[in-house]
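Undergrad: This is the structure, below, for whatever I ask next.
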Amino acid sequence: MEPQRNASSNSPAIVSNRSPLRHTNSSITATSLATLRRLLDLSPDAVVVIDQRGAIILANPEASMLFGYAPDQLIDHPLESLLPERLRAGHIRYRNGYLDAPHSRPMGIGLDLVGRRQDGTEFPVDISLRPCLIKGQLYVMAAIRDVSAQREWERERADLLARLRLQGDLINLAHDAILVRDPASRILVWNKGAEELYGWTAQEALGRVTHTLFKTRFPISRTTIEAQLQRDGAWEGELTHTRPDGRVVIVESRQVLVCDAAGQPSAILEINRDVTERRQIEEAEATAQANTLVQLSFLQQLIDALPNGIYVVHGRDARLMLANRAAASTWGAIWEPEQPMEDFLELHGIKLTDAQGQLLTPDTWATLRAVRYGETSLQLQEVIYRPQGDALPVLVNAVPLAFSYWQSLEIGPTSLDSNPAHGFFPGDRTEERSAGEPLALVIHQDVRILKEAEYVKDEFIGLAAHELRTPVAALKGAIGTLLFQTQRGHGPALADWQQEMLDEIDIATDRLTGLTDELLDVTRLQAGQLLLHPAPTDLVALVRRVVSRIQPTTTHHQLDVSIGAAGGRGTRASNEKMIATVDAARIEQVLTNLLTNAIKYSPRGGPIHITLARRNGLGGADDKQVEIQIRDHGLGIPAHQHSLIFGRFMRADNARQSGISGTGLGLYISRGLVEQHGGQIWFESQKGKGTTFFFTLPVAPEA
Ligand code: ADP
């Protein structure tokens, strides 16, 4: 036999062909061949005996069987026939060396030896050698054992150890604390993660009882947890531990019970994950959420306490986002969260009209204008025809909002009172809202009581105006008659001062007539009873006529008319016509009011430009309009009163302070008349710089 690894150096050989025996060794046994044979037959190991030439002289049945030979077939074979071919030459040298210094060599000294069967297959062997003397001759006895099974087992064990080492490394790699404790909770294994999490080294932790070491606070009693471990073999939950530096750590703990072969608990595997930070964040979030809820519920209480209907809508279709209690009673129906405004109104048969009772199309609703065009409407009069059949006059304020205001109001859907009838914040519906979506705040002020009071006032004004008209007309007639008859020589001639006084009375009577007419118009407009008598009218000619009537009333204002395209795209032919079907007298009334205002409120004089221009209406190319502008360079209107100036009896502060007389009715009537014609009226003004009034009227398409 020969060592498998290093065939050429100091591995032991068995037999030398040298003779006679030169070394006397105490381990060399003297025996007879026959005795030896008998002994070998009894050996459970394969044994061969070789002589000094290296030839096998004895092989027990175990040896023949091990190498796949028939009994005695091995006799006289060189020992090297039991070796793989590649090792034979080297082996002969070792055999000789061994015989120079024969000695006993026991099995299991860790040499990787290889045997070869007759069929050529190889197998690992372990060999013990023992020299012996038979009739004075030196022989060597070799006991050979097939160690295939042992090698296999060793390999498996080495694999297993390598795997275990890997797993150990892996366990140390984890950030989680991984520990094993015995049934009495004494720590047996403590990984690097545990060291990091708790701050104790393995040396400090091993053998300590976990709950004492950690000062564990259990979510339920320890005995309950242990009972569950025994019963189910596992437990999971949150534990609070204290580190040696006093810091508290919250861990998510998973524990598994391990039992021995007899089913007795032998250890508990425990993995603890640090969730302290997560819990702290969650706690902070919960506190923030609770605070938000408190603030929102306070906000809700506040807006619920307001008498006005308040709601917030989002998206171009004005879907409801939040509303207060009064909103539900304003509509007389419950507007469901996320329901588009048009659907809501249609579902409940709710109609909206303007103050004159004209049905409003969705595109003109203040709420939709706010979300669709970003338009702000202030104190706009609308009437809600409610499902109950009554009409509720309201003043509407609709203001577009920036989306970001409301993102901060994201709260859970279960929060607060979500009954729309009680007012609500409908909760987290972010998925239905996209960033940058239009948003509007709408406030409905119930003006029923005001309207009723106004109605009574209007009744009185109407009555008074009506009653005044007869005596004023009589007065006018009497003065006319007086002047006329005097001119014709009936009665004595009037002195100059008498003539002047009569003229003044005549002018004052005209003013009185104008005032009563205005008051009557106001009451008619209020009651929706102002009737128009439309006829095709050339607006250009109408404007020129009014201008030439008014120009002589002032010496320090120059009125000029220009015809052009809106936006100042040049002046058009002076003979151009713009035919519109209007009540000419009423449009003349509007023009007169705007022109006399332009004159009145430009006390220092200056030019007054009147421009007529065609433009496209909102509805598209066919929907043509004419836009009339009247621009002065007078007092202007203070910005804070812009939204109020079309109101009844409304006069700007600077107009009053300048001592310019007026009633504050002209613009109110003008707006009523223009809107009744299907047009719009507005203005741009800068205090101290001047004012431009605009109004539009629908006209027939250009010929
Ligand atoms: P009145 O002129 O009789 O006061 P109006 O209804 O015609 O009433 O006008 C309402 C108010 O609007 C005026 O009192 C004045 O304050 C303001 N105003 C109207 N037109 C002009 C203008 N061209 N320039 C400055 N202020 C104007």
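The values are calculated or read from the model by the stated rules, or taken from the named source; none is laboratory data. Since the structure is predicted, the reported quantities are computational estimates derived from the model, not experimental observations. Because the Cβ atoms are built from the backbone with ideal geometry, glycine has one as well, and the counts that use them run over all protein chains shown. Areas reflect the complete protein model, heavy atoms only, side chains present, ligands, DNA and RNA absent. Shrake-Rupley method; radii C 1.70, N 1.55, O 1.52, S 1.80 Å.
Undergrad: Give me the pairs: first residue in the range 646-660 and closer than 21 Å to Glu675 by Cβ, second residue open to solvent by 60 Å² or more (accessible area, probe 1.4 Å) and assigned to a helix (DSSP H, G or I), beta-carbon distance under 9 Å, and six or more apart or on different chains, which are they?
TA: The qualifying pairs are Phe646/Arg671; Met650/Leu644.
Yes/no per residue for (1) of a type outside the set (Gly, Ala, Ser); (2) more than 10 Å from the ligand (Cβ to nearest atom); (3) at pLDDT 95 or above:
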site: Gln625; (1), (2), (3): yes, yes, no
site: Arg631; (1), (2), (3): yes, no, yes
site: Gly634; (1), (2), (3): no, no, yes
site: Ala639; (1), (2), (3): no, yes, no
site: Ser643; (1), (2), (3): no, yes, no
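Undergrad: Please verify whether Arg648 is out of contact with any Pro (no Cβ under 9 Å at 6 or more places or on another chain) and more than 8 Å from the ligand (Cβ to nearest atom), treating the condition exactly as stated.
TA: Spelling it out, Arg648 is indeed out of contact with any Pro (no Cβ under 9 Å at 6 or more places or on another chain) and more than 8 Å from the ligand (Cβ to nearest atom).
Undergrad: Now for a separate question. Restricting the search to the range 175-192, which residues are of a type in the set (Lys, Arg) and more than 11 Å from Thr210 (Cβ to Cβ)?
TA: Across the range 175-192, the qualifying residue is only Lys192.
Undergrad: Could you check how many residues of the range 692-703 are open to solvent by less than 10 Å² (accessible area, probe 1.4 Å) and either more than 22 Å from Val540 (Cα to Cα) or not β-branched (Val, Ile, Thr) (or both)?
TA: Total satisfying the criteria: 2.
Undergrad: I'm trying to understand the selection: among the residues of the range 652-666, which are over 16 Å from Ser602 (Cβ atoms) and near the ligand (Cβ under 6 Å from one of its atoms)?
TA: Selection gives Thr663, Gly664, Leu665.
Undergrad: Moving to a separate point now. Exactly one of these conditions fails for Ser104: (1) modelled with pLDDT of 85 or more; (2) open to solvent by less than 50 Å² (accessible area, probe 1.4 Å); (3) of a type in the set (Gly, Ala, Ser). Give me its number.
TA: So the condition that Ser104 fails would be (1).
Undergrad: If you go through the range 38-52 one residue at a time, how many are exposed (fewer than 15 other Cβ atoms within 10 Å of the Cβ) and among the charged types (D, E, K, R)?
TA: 2
Undergrad: Give just the number: which of (1) over 30 Å from Leu483 (Cα atoms); (2) within 15 Å of the ligand (Cβ to nearest atom); (3) open to solvent by 20 Å² or more (accessible area, probe 1.4 Å) does Asp517 not satisfy?
TA: (1) is the only condition that Asp517 fails.
Undergrad: To continue, here is another question. Name the one entry in Leu74, Leu82 that is closer than 20 Å to Leu40 by Cβ, over 60 Å from the mean Cα position of the chain (by Cα) and in contact (Cβ under 8 Å) with a residue 40 or more places away in the chain.
TA: Among Leu74, Leu82, only Leu82 is closer than 20 Å to Leu40 by Cβ, over 60 Å from the mean Cα position of the chain (by Cα) and in contact (Cβ under 8 Å) with a residue 40 or more places away in the chain.
Undergrad: Out of all the residues in the range 595-605, which are open to solvent by 20 Å² or more (accessible area, probe 1.4 Å) and more than 9 Å from the ligand (Cβ to nearest atom)?
TA: Listed by number, the residues that qualify are Pro603, Arg604.
Undergrad: Right, next: Report the residue count in the range 207-228 for those that are open to solvent by 90 Å² or more (accessible area, probe 1.4 Å) and either at positive phi or touching a Lys or Arg at 6+ places or on another chain (Cβ under 6 Å) (or both).
TA: The number of residues fulfilling the criteria is 1.
Undergrad: Right, next: I need the full set of residues from the range 22-38 which are more than 22 Å from Tyr98 (Cβ to Cβ) and modelled with pLDDT of 80 or more, in order please.
TA: Within the range 22-38, Ala34, Thr35, Arg37, Arg38 meet the criteria.
Undergrad: What is the number of the single condition among (1) open to solvent by less than 50 Å² (accessible area, probe 1.4 Å); (2) in contact with a Pro (Cβ under 7 Å, 6 or more places away or on another chain) that Glu122 does not meet?
TA: With (1) open to solvent by less than 50 Å² (accessible area, probe 1.4 Å); (2) in contact with a Pro (Cβ under 7 Å, 6 or more places away or on another chain) applied to Glu122, the lone miss is (1).
Undergrad: Within the range 487-503, count every residue that is assigned to a helix (DSSP H, G or I), open to solvent by less than 90 Å² (accessible area, probe 1.4 Å) and farther than 19 Å from Lys476 by Cβ.
TA: 0
Undergrad: Would you mind telling me which numbered condition in (1) surrounded by fewer than 20 Cβ atoms within 10 Å (Cβ to Cβ); (2) modelled with pLDDT under 90; (3) among the aliphatic types (A, V, I, L, M); (4) under 20 Å from Leu87 (Cα atoms) Leu99 fails?
TA: Every condition holds for Leu99 apart from (1).
Undergrad: Right, something else. Does any residue of the range 467-474 turn out to be hydrophobic (A, V, I, L, M, F, W, C), under 25 Å from Gly357 (Cβ atoms) and touching a helix residue (DSSP H, G or I) at 6+ places or on another chain (Cβ under 9 Å)?
TA: No, because not a single residue in the range 467-474 is hydrophobic (A, V, I, L, M, F, W, C), under 25 Å from Gly357 (Cβ atoms) and touching a helix residue (DSSP H, G or I) at 6+ places or on another chain (Cβ under 9 Å).
Undergrad: One residue is enough: does the range 58-73 have a residue meeting the conditions open to solvent by 10 Å² or more (accessible area, probe 1.4 Å), within 27 Å of Gln150 (Cα to Cα) and among the polar types (S, T, N, Q)?
TA: no
Undergrad: Separate question: Name the residue, out of Ile411, Ile384, Ile449, that is open to solvent by 20 Å² or more (accessible area, probe 1.4 Å) and either closer than 28 Å to Gly672 by Cα or at pLDDT below 60 (or both).
TA: Of Ile411, Ile384, Ile449, the one residue that is open to solvent by 20 Å² or more (accessible area, probe 1.4 Å) and either closer than 28 Å to Gly672 by Cα or at pLDDT below 60 (or both) is Ile449.
Undergrad: In the range 667-695, what residues are within 8 Å of the ligand (Cβ to nearest atom) and either free of Cβ contacts under 8 Å to residues at least 12 places away in the same chain or within 23 Å of Arg586 (Cβ to Cβ) (or both)?
TA: Selection gives Leu667, Tyr668, Ile669, Ser670, Phe683, Thr691, Phe693.
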